[in-house]
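A short worksheet on the structure shown next.
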Amino acid sequence: MGARVIGIGAALPERVVTNDDLAATMDTSDSWIRERTGIHERRIGSSTSVLAIESARAAMEMAGVHSEDIGLLILSTSTPDKCMPATASEVSAELNLTCGGFDINAACAGFAYGFIVASSMMKSPTGPKRLLLIGADSLSNIIDWTDRSTAILFADGGGAVVLEYTNADTLLGWDCATDGKYASILYCDHGSTVVMEGREVFKVAVRAVADSIATTLEKADIRASDVDVLLPHQANIRIIEAVCKRTGIDFAKSFNVIAHTGNNSSATIPLSMTKAHESGVLLPGSIVVMTGFGAGMTWATTVVRW
Ligand code: COA
């Protein structure tokens with residue numbers, strides 16, 4: 001028993017902010033940002049609910065499902081539009097959903113966490129037959145646009161999938177973790193802006209994500225060389241390269257959008273999935289690894305047979 005993806009959707013704000021745009025207002029440069037992060041430009045200027053709704057509509061259209069077909073809504077975000085109600089509430093109203101819905105917050109690992117929660121709920125005998133899983137974040141609202149250590153990285157975006165119940169075993173393995181002793185290296189207080197020790201985050205992320213992938217592949221009894229598609233969180237292209245090197249997954253199998261999107265937290269994995277889908281590599285039976293990490297620090301990995 002499991003869940004399979006039948007629809008994928010993405011949403012990005014229209015406004016493009018290039019590295020040169022940032023260099024015009026702070027002490028940085030296009031070449032520094034490209035070399036250290038892989039980011040060329042990012043999109044900013046939207047709300048989490050707007051991006052969630054737009055990406056969900058696209059995923060539902062691809063899946064060919066209507067509002068009444070959706071049995072549960074899970075929305076991953078760490079930038080909800082309001083403290084309460086959950087952003088899922090507004091999204092649900094706009095999409096005319098009649099099912100249950102809730103937000104989860106596992107920072108940038110949220111979509112991978114959401115995929116695990118969604119798949120597990122769909123395995124329940126009374127679980128939903130079709131589920132909408134959205135990752136959306138508007139990080140531009142919690143960035144100090146004079147702080148070059150964070151402003152160059154974070155941006156806005158949304159991504160969504162429609163999952164359908166299947167008799168096949170699709171989620172072959174998963175792993176998730178939170179290590180609160182790293183909470184102080186990446187956080188945002190209420191009403192404030194993101195604070196980050198970038199170098200520390202980099203080190204923890206590479207180690208944790210590589211270990212998490214190795215653990216999950218072992219649980220799933222899959223070798224790194226058998227991975228067809230890697231959908232990694234898009235925080236820094238050098239983190240993805242280092243993780244591939246450590247795990248033995250061919251970097252060419254990773255689908256990366258960071259050059260044009262920056263880091264849009266919960267949205268990055270579904271945006272990477274959109275690229276993989278457009279490239280035609282998400283075929284029935286493909287072994288797909290999704291992996292995310294973020295503030296907490298949190299991290300999560302899934303190994304899925306497509
Ligand atoms: N432009 C130009 N110079 C910059 C800069 C910027 N935007 N940010 C930092 N620098 C400078 C530093 O002041 C430092 O100068 P110094 O050598 O004179 O002291 C130098 O560049 C190197 O800084 P460092 O912080 O060591 O750079 P780095 O290679 O670690 O890159 C990050 C910084 C933030 C890009 C990188 O650490 C990173 O991506 N970390 C992970 C962050 C992340 O993934 N966050 C999201 C998690 S979900």
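All of the numbers you see were taken from the coordinates with simple rules; none came from a lab. Everything numeric in this text was worked out from a predicted model, so none of it was measured. Counting neighbours? That spans all protein chains shown, and the Cβs are built from the backbone with ideal geometry, glycine included.
Among the residues of the stretch 105-132 satisfying the criterion of being within 28 Å of Val17 (Cβ to Cβ) and assigned to a strand (DSSP E or B), which is nearest to the ligand (Cβ to nearest atom)?
Only one residue tops the list, namely Cys108.
Residue pairs, Cβ under 8 Å, 6 or more apart or interchain, first in the stretch 33-47 and touching a residue at least 12 places away in the same chain (Cβ under 8 Å) and under 19 Å from Asp137 (Cα atoms), second among the β-branched types (Val, Ile, Thr) and away from the ligand (no atom under 15 Å from the Cβ). List them.
From the stretch 33-47, the pairs are Glu41/Val16; Arg42/Val16; Arg43/Val16.
What number of residues in the stretch 136-149 are in contact with a helix residue (DSSP H, G or I) (Cβ under 8 Å, 6 or more places away or on another chain) and within 13 Å of the ligand (Cβ to nearest atom)?
The initial filter retains those residues of the stretch 136-149 that are in contact with a helix residue (DSSP H, G or I) (Cβ under 8 Å, 6 or more places away or on another chain), namely 136-139, 143-145, 148-149.
Keeping just the survivors that are within 13 Å of the ligand (Cβ to nearest atom) gives 137, 139, 143-145, 148-149.
Number of matching residues: 7.
Please verify whether the stretch 285-295 includes one or more residues that are in contact with an Asp or Glu (Cβ under 8 Å, 6 or more places away or on another chain), more than 30 Å from Ile185 (Cα to Cα), part of a loop (DSSP other than H, G, I, E, B) and more than 16 Å from the ligand (Cβ to nearest atom).
yes
Which ones in the stretch 228-279 are of a type in the set (A, V, I, L, M, F, W, C), outside any loop (DSSP other than H, G, I, E, B) and either more than 16 Å from the ligand (Cβ to nearest atom) or surrounded by fewer than 24 Cβ atoms within 10 Å (Cβ to Cβ) (or both)? Spell out the reasoning first.
We begin by selecting, within the stretch 228-279, every residue of a type in the set (A, V, I, L, M, F, W, C); these are 229-231, 235, 237, 239-240, 242-244, 249, 251-252, 255, 257-259, 267, 269, 271, 273, 276.
Those left that are additionally outside any loop (DSSP other than H, G, I, E, B): 229-231, 237, 239-240, 242-244, 251-252, 258-259, 267, 269, 271, 273, 276.
Selection gives Val229, Leu230, Ile237, Ile239, Ala242, Cys244, Phe251, Ala252, Ala259, Met273, Ala276.
For the stretch 130-147, check the following and say yes or no: at least one residue is among the aromatic types (Phe, Trp, Tyr), more than 20 Å from the chain's Cα centre (by Cα), surrounded by fewer than 17 Cβ atoms within 10 Å (Cβ to Cβ) and closer than 30 Å to Ile33 by Cβ.
Among the residues of the stretch 130-147, at least one is among the aromatic types (Phe, Trp, Tyr), more than 20 Å from the chain's Cα centre (by Cα), surrounded by fewer than 17 Cβ atoms within 10 Å (Cβ to Cβ) and closer than 30 Å to Ile33 by Cβ, which makes the answer yes.
Among the candidates Asp27, Asp21, which residue alone is within 16 Å of the ligand (Cβ to nearest atom), surrounded by fewer than 24 Cβ atoms within 10 Å (Cβ to Cβ) and not in a loop (DSSP other than H, G, I, E, B)? Let's see the steps before the verdict.
Values: Asp27 fails: not in a loop (DSSP other than H, G, I, E, B).
None of the others qualify; the one that does is Asp21.
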